1. Send over a whole-number figure in Å² for the accessible area per residue of the chain, probe 1.4 Å.
2. Apply the Karplus parameterisation 6.51 cos²θ - 1.76 cosθ + 1.60, with θ equal to phi minus 60°, to every residue of segment 144-157 and state each ³J(HN,Hα) to the nearest whole Hz, in sequence, with x for glycine and proline.
3. Round to the nearest 0.05 the FRET efficiency obtained for Asn52 and Leu5 when R0 = 22 Å and r is the Cβ-Cβ distance.
4. Using the Kirkwood formula on the Cα atoms of segment 59-150, what hydrodynamic radius do you get, in angstrom to one decimal?
5. Compute the distance from the alpha-carbon center of segment 123-198 to that of segment 26-105, in whole Å.
6. In nm, give the distance between the simple-model label positions of Thr35 and Asp154, each being 7 Å from the Cα along the Cα-to-Cβ direction.
7. Just want the answer: with Cβ charges of +1 for Lys and Arg and -1 for Asp and Glu, which residue in Met100, Gly62, Phe152 is farthest toward the dipole's positive end in the chain?
8. Just grab the label-to-label distance for Ile140 and Ser66, each label 7 Å out from Cα along the Cβ direction, in nm (one decimal).
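The values are calculated or read from the model by the stated rules, or taken from the named source; none is laboratory data. Computed from a predicted model, the values in this text were never measured in an experiment. For neighbour counting, all protein chains shown are included, and Cβ atoms are generated from backbone atoms with ideal geometry for every residue, glycine included. Note: accessible area is taken over every heavy atom of the protein model, side chains too, but ligands, DNA and RNA are not part of it. Shrake-Rupley method; radii C 1.70, N 1.55, O 1.52, S 1.80 Å.
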Amino acid sequence: NFYVLGIGKNRRNRKVPGASRFTAAATGTRYTWGTRHYSKGSYRKTFIYNTNGTIYHMDDNGNVASSQTGFALNMYPCSEVMRVASNDILYFSAGDTTGMYSHDGNIGNTWTKETNVTLNFVGMVSHLDRLFAFEEDSDILRFSKNLDPTNFTDSTDAGQITIGAKRGSKISFIVLLNGTLYIVKPDSIFRLAGRTPAEFEVIEVVPSLG
């Protein structure tokens, strides 16, 4: 029962007025990421990341248990869901040096290390049956192979796009709005045109910000 204010590292959780505390379990210091995931068979899972470097699973009764450890402290993770082989898979990146993990809705609440992904994303969006993502302090937008969200190295169908290097600015975040992927930088906003790698084109829609 909280909502998020701000973007990026300035995000803060705020309690929804009139809401009560869901759990009193002491699991660390503060939370910087959380999601409710529905997988195949409508299994509902609530996961939260604490700045102690741990993902916790929280059940519907407010019971909290460690689900995945080993992440750096004080991170601001990102996640995205993509349908793979008829199941909705939750992909997670802490943005540190641990790469990508995935969760398939299993009842043990375990995560799988996606060893094919050596990149450390801080923003991810599912679009056109691909995973689009970027790393911290980067102006490069990466996209996976079609229907293969952990393959960013395929020489014919995965790739990367440099987003308008203006005064060395980097990507702040990416967002999907009305079927269009927008890439936001501190000084400009771009949109992705096209539906295949051969057609992909980045178009500047707001030339100046700030």
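1. Counting only protein heavy atoms, the per-residue value for the chain is 53 Å².
2. For segment 144-157, the Karplus curve yields 7, 5, 4, 6, 9, x, 10, 10, 10, 10, 4, 6, 10, 10 Hz.
3. So the FRET efficiency works out to roughly 0.50.
4. 13.9
5. 22
6. Inter-label distance under the simple model: 2.1 nm.
7. Towards the positive end, the residue furthest out is Gly62.
8. Taking the two extended label points, one gets 3.4 nm.
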